[in-house]
Each structure stands twice: as structure tokens, then as C-alpha cells.
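A short worksheet on the structure shown next.
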Amino acid sequence: MLGYISGRKVGIDDPLRLRRRILLLVKCDKQILQINLKGKTMTLPVVTINLRIPFSLYSMLSGGADGVIVIYDLENYSGKPQYTCKAVGTVGRSSRFAHKFSVETVQWYPFDTGMFISSSFDKTMKVWDTETLKPAERFMFDGNVYCHHMSPVARKHSLVAVGTKNPKLQLCDLKSGSRIHVLQGHRAEILSVRWSPRNEHILASASADSTVRIWDVRRASGSLFTLDQHNGDKSKAAAEAVNTAHNGRVNGLCFSGDGLYLITMGTDDRMRLWNSSNGENTLVNYGKVSNESRKGLKFTVSTGCSLDCVFVPCGSSVAVYGLHSGELVATLRGHYNNVDCCDFHPDYQELYTGGKDCNVLAWIPALRAPDVEEEREGVGPVAVNPAFEDAWSSEED
């Protein structure tokens, strides 16, 4: 433990590793050595999931194609390696507050366990009270809502970015309960939005018009810049007025944990890594990354590992790529139908995936014994990384 503390003190180690080490010790003290789990959530495909990161609540939100929202308590109270997650809250079809169509995105409020946000194809976004499971606020839109996102680091604003069938990016203020601003520039529906984890005012949006735009919400004059896959080389670019990030619809966005890089996915079966500060294409070659989704593709990036990885739904499996190398390092198989979404818990190094087989799978590498880790502390922290663990597996409850 002293090695982790000293490394954090001099700034040479990721703070997440220290936090994860503390959590692992707590779990081992409680004899909670969870290996894997699988929980059925609803009767229709799982479309979206979101994990609660803070210490106060270890839980997961899931949204389904039938409009149902379920909250799962992921804590292991049994002390057994395999256990069943309990649903501690459900907004079912019988509830008059439930979404009428598919729930496309769910997200915990970043700073308070008492609230979460959901958006749906029924053209609404709802802000929920976790205790009562009733909407405290509802926002109506003119078209289907494909995505929404709230900044995980914002202290000066409470804005939710919303992507709809309308090419105008909507900004909703939770404090006033109203739509306060629109960002114009896209020419087709907005399929994915993400706030930077590094700067609370920086926002990225991806559209079916093949473009990705970076915004500073303090500016009203337009986007900061548009990502260009050719890095300004006009000889390679098509004769278009607008730079394009992909040669097809861009339906996936994800920032790296430190916010220095942005990863995009397009229906041209390409994944690209960009420098988020200047929009430069880093030209990392991931090869062909199959992407047949007509809606937003919900992929994720690991955080706090010795090697950061990208987890991408690919048919009924999940492809794991090295973030900076572009190498396909693993393929996770366990679902019986297409995988729709995935989310990564940086503290416990757990990957959760949901799909059309109506299941949520947890992919958890085997934990090393505490005494083994203690012996290796002299040479630095041990990173539990899915790219180098053969023990990643999933089993049915």
C-alpha cells in the first residue's frame, strides 16, 4: 500500500489505482471474491446500461427495448464467488411513468445517488427520483431521442446534452428545467454526444452526416472545430465544404479516461483515435471494426490500467482493442445474440455488457490473492487488465 501512496504523492501513478487497491482490500476483507455473474433483466433486449462509480452506491441502471428501467444492486452480500444481483427498483410497463418505447440511454446523476436520467424513442427525456422512481422533470422533443449525456466533472453548470432526430444539438438545464440553448452545425440526426472528462465546457457530438464536432458551450458562434480524417490533406479529401470524420454515419463517441483522446465509430467499419485538444487524427489502425448499428453504438474504454483498452460490441461478442496500439487483444464471447451496450467500472476493473438475448453479463478477471499483491508492492502496483487475463468469463446464475 505504501508503494501506491508514494507513487500517487509524486504524481507518477494514476489515482484510480490507489482507489482500486483500497476497494480490493475491502472486498477481500469481506471475503467477497466475485468471479462472474449473469442476471436476466427484462423480457426484451437490453439497450443501455450505466454503472454507479462512487463509494456510496455500487449499482447499475439498465434500460430495455420495452421501455423498462431496472436498478440492480451489484454488491455481494452472500460472500460466495457466484451470486445473484437483486433488482432494487423497477419502472415496469405497468407504471404510468414508464417510457412508451425503447430506452436508448440511462445515466446516473454524477454527484448524487438520488437521481438518474433516461431518454427514449418516445421523444422524451426524464429526470427520475431514485427513491420514489417517479420523474421529477420531463423534457419533450420533436423527434426520437438517440442519446443524452451529462458532464461527469461539471461544477459550474447542470447541462444535459441531448441528441435527437433534429440536427440541432439540444442543451437542457436541470436547474431551470428547460431547454436553454441549441448548437447548430450538423446536417442530420445526432447519434452520440459526450462531455469531456477533462473540461466541463467541452462537448463532442457525432452525426449521421459523417461529422464529429467539438463544442465549447460558452461560445455561441459555433463549434470549435470539426474532426477531419485526412488531417487537412485536401488531395485525399473529397470536394466537400465540411470535414468528415468517417465515410459513413458516425454513431459512437467515447473519451479516454484522462480526456486527452476521443474515440469515434462509424458505419464505414472504422474506429479512429483523435487528439481531443486539436482534433488531429492519430492514424492508429484498428483494422475493420464491424458496425451495423442504425442507432448509437455504446462502447467504452478502460481506465487506470497499465494498458488502456477499447471494448466494442461486435455481433454477439465484444472485441477488445489496445487503445494506442490498435491491436485486437481479445474477443469476449458469452452472449447468445447481438451485444448492444457495454460499460466499464474503473474501480473494480469490471466490464458489463447487455444485449438482445435479454441478459447482462459481468466480465471480471480473476483477482490475485491479497498476500501476493502485497509481496509485489515493492515493484509498483499490479494492474488487473482484461487484455492480459485469460480468466475473463461469464456464467449463468
### Task
Report, by residue number, each residue of the stretch 203-219 that is in contact with a His (Cβ under 8 Å, 6 or more places away or on another chain), assigned to a loop (DSSP other than H, G, I, E, B) and either over 30 Å from A136 (Cα atoms) or hydrophobic (A, V, I, L, M, F, W, C) (or both).
D209, S210, T211, V217
### Message
Could you check the stretch 124-153 and list, in sequence order, the residues that are assigned to a loop (DSSP other than H, G, I, E, B) and either more than 22 Å from S221 (Cα to Cα) or more than 21 Å from the chain's Cα centre (by Cα) (or both)?
### Response
T130, E131, T132, L133, F141, D142, G143, N144, P152, V153
### Query
Looking at the stretch 67-89, which of its residues are polar (S, T, N, Q) and buried (at least 18 other Cβ atoms within 10 Å of the Cβ)?
N76
### Message
Yes or no: the stretch 162-170 includes at least one residue that is over 18 Å from G296 (Cα atoms), surrounded by 15 or more Cβ atoms within 10 Å (Cβ to Cβ) and not β-branched (V, I, T).
### Response
no
## Note on the structure
A careful count of residues in the stretch 225-246 that are modelled with pLDDT of 85 or more, more than 19 Å from V312 (Cα to Cα) and either among the basic types (K, R) or in a loop (DSSP other than H, G, I, E, B) (or both) gives 7
### Summary
Checked pairs for the stretch 342-356, first within 11 Å of V301 (Cα to Cα) and in contact (Cβ under 8 Å) with a residue 24 or more places away in the chain, second of a type in the set (K, R) and assigned to a strand (DSSP E or B), C-beta under 9 Å and 6 or more apart or across chains, list as C342/K298; D343/K298
### Query
With (1) under 18 Å from I263 (Cα atoms); (2) in contact (Cβ under 8 Å) with a residue 60 or more places away in the chain as the list, and W215 as the residue in question, which single condition is left unmet?
(2)
### Task
Just give me the residues in the stretch 316-334 being at pLDDT 90 or above and part of a loop (DSSP other than H, G, I, E, B), in sequence order.
S316, L323, H324, S325, G326, E327
### Message
Just the residues that are in contact with a Ser or Thr (Cβ under 6 Å, 6 or more places away or on another chain) and in contact (Cβ under 8 Å) with a residue 60 or more places away in the chain, please, taken from the stretch 117-156.
### Response
C147
### Message
So in the stretch 180-202, with the set limited to residues that are part of a strand (DSSP E or B) and touching an Asp or Glu at 6+ places or on another chain (Cβ under 8 Å), which one is surrounded by the most Cβ atoms within 10 Å (Cβ to Cβ)?
### Response
I202
#### Entry: Single match in S290, S223, S277 (criterion: within 28 Å of R179 (Cβ to Cβ), free of Cβ contacts under 8 Å to residues at least 60 places away in the same chain and polar (S, T, N, Q))
S223
### Query
In the list G163, G177, G222, which residue meets the criterion of being of a type outside the set (A, V, I, L, M), at pLDDT 95 or above and under 28 Å from M140 (Cβ atoms)?
G163
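The values are calculated or read from the model by the stated rules, or taken from the named source; none is laboratory data. In this text, all values refer to a predicted model and were calculated from it rather than measured experimentally. Because the Cβ atoms are built from the backbone with ideal geometry, glycine has one as well, and the counts that use them run over all protein chains shown.
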